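Just below is one structure, and these are the notes that go with it.
The values are calculated or read from the model by the stated rules, or taken from the named source; none is laboratory data. All values reported here derive from a predicted model rather than from experimental measurement. Don't worry about glycine lacking a Cβ; one is built from the backbone with ideal geometry, like all the others, and counts go over all protein chains shown.
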Amino acid sequence: MKNKSHNKVTEIFKHTNTSAKVIKVADVFKFTRGGSISELNIAYETWGKINKDKSNVVVIFTGLSASSHVTSSSLDQSPGWWESMVGKDKAINTDEFYIVCINTLGSCFGSTSPVTINEKTGDPYRLTFPELTIEDMANASELLLDKIGISKIKLLIGPSMGGMKAIAFSLLSKKSIENLILISTATQALPYAIALRSLQREVIRKDPLWKHGFYSYEDPPLNGVRIARKIGMVSYRSAIEWLQRFGRKKSVDSKLNQNTFGIENTSFEYEIESYLEHQAVKFQNIFDANCYLYLSRAMDWFDVSEHGESTADAFSKIHIKNALVLGVNTDILFPPQQQKEIAELLTLSNTKVDYKELSCIQGHDSFLVDTTTFSKEIKSFIKLL
């Protein structure tokens, strides 16, 4: 049962039907770029049992839009975002490990964020929320793990933005981190990724209902979030997948008025258009616009080289025994050369690294979709630990 005092968010984002625990981890939290909040709450979920010496802990950091619900449980039987990867007898085995998945600081799925009520004003933070960085997310995760008594991590896993957090956490944390899995991530955002995310943020800000961040939660900027999600989906998947999956197939409901160009968003000529609309509408109804802006910008700001004289110097401060770095040949958002760079940097820091460039057609989202390929690599790596 959630403590009401630890869930002070605007009513629409309470998500009371999940099994996430929400706990206060700090009375005051200072952000790396300045500013602070008077109370920091973090949402998380756990699976499995921790052993006597607490040596079987697996920590999972999420991507931008995911909650802490990585897989189903007895408390919440709804499928998680990595359901086929985490669970009994799966690649990340809940019978073997004690798994902690942490909801990101700034996310609208339970952790303190722009939708949280500011106790000083009685209103949601909205854009008064301090500037958010990947490092802030890592530091908040450290506080959460302190609070629940975790001092050593057997395996730290981070896909996408979660990989950025995992790198930052490995640099900043005082905890013992034995092994690391990084998937489709980066030491810094490339111009292409920055350009795409800037477009996503712009369409949200240009929605008349955004109102400079002070929109009504009953009438939020859904069009902006919907179009931003469509741009995201284009970058998350690959051209070859969509060619095979959709081709030029016409939508079932293709009798649209050609003079409207589909602007009513009720019918689309091609199946690919209908697919994007379906995915975007699902997202717009569960994710807050301001949270999206903060998390997206944090990814653009992240640059490991700021933690040393160079990126290599920063990585020399990371002390990990073994690492698995996975990239995908069709990923345009975090291309394979970025994964190869990470593998080389970890090797220079005396980490034993297994680097794989996987052949998958689903682009950046392959780790969520082609779980057969990813399970094989992750299971093989874990067996050797």
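Below, the figures for the structure above:
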{"item": "Single residue of the range 301-321 satisfying the filter (under 23 Å from the mean Cα position of the chain (by Cα) and over 16 Å from GLY163 (Cα atoms)) that is surrounded by the most Cβ atoms within 10 Å (Cβ to Cβ)", "result": "HIS307"}
{"item": "Selection count where residues are surrounded by fewer than 21 Cβ atoms within 10 Å (Cβ to Cβ), without any contact (Cβ under 8 Å) to a residue 60 or more places away in the chain and not basic (Lys, Arg), scope the range 79-92", "result": "3"}
{"item": "Residues that are part of a helix (DSSP H, G or I), over 17 Å from LYS90 (Cβ atoms) and of a type outside the set (Gly, Ala, Ser), drawn from the range 360-385", "result": "HIS364, ASP365"}
{"item": "Residues (surrounded by fewer than 20 Cβ atoms within 10 Å (Cβ to Cβ), part of a strand (DSSP E or B) and out of contact with any Lys or Arg (no Cβ under 6 Å at 6 or more places or on another chain)) located in the range 25-45", "result": "LYS30"}
{"item": "Residue match in the range 178-201 (condition: modelled with pLDDT of 95 or more, farther than 30 Å from LYS379 by Cα and of a type in the set (Phe, Trp, Tyr))", "result": "yes"}
{"item": "Some residue of the range 336-359 being under 22 Å from the mean Cα position of the chain (by Cα) and assigned to a loop (DSSP other than H, G, I, E, B)", "result": "no"}
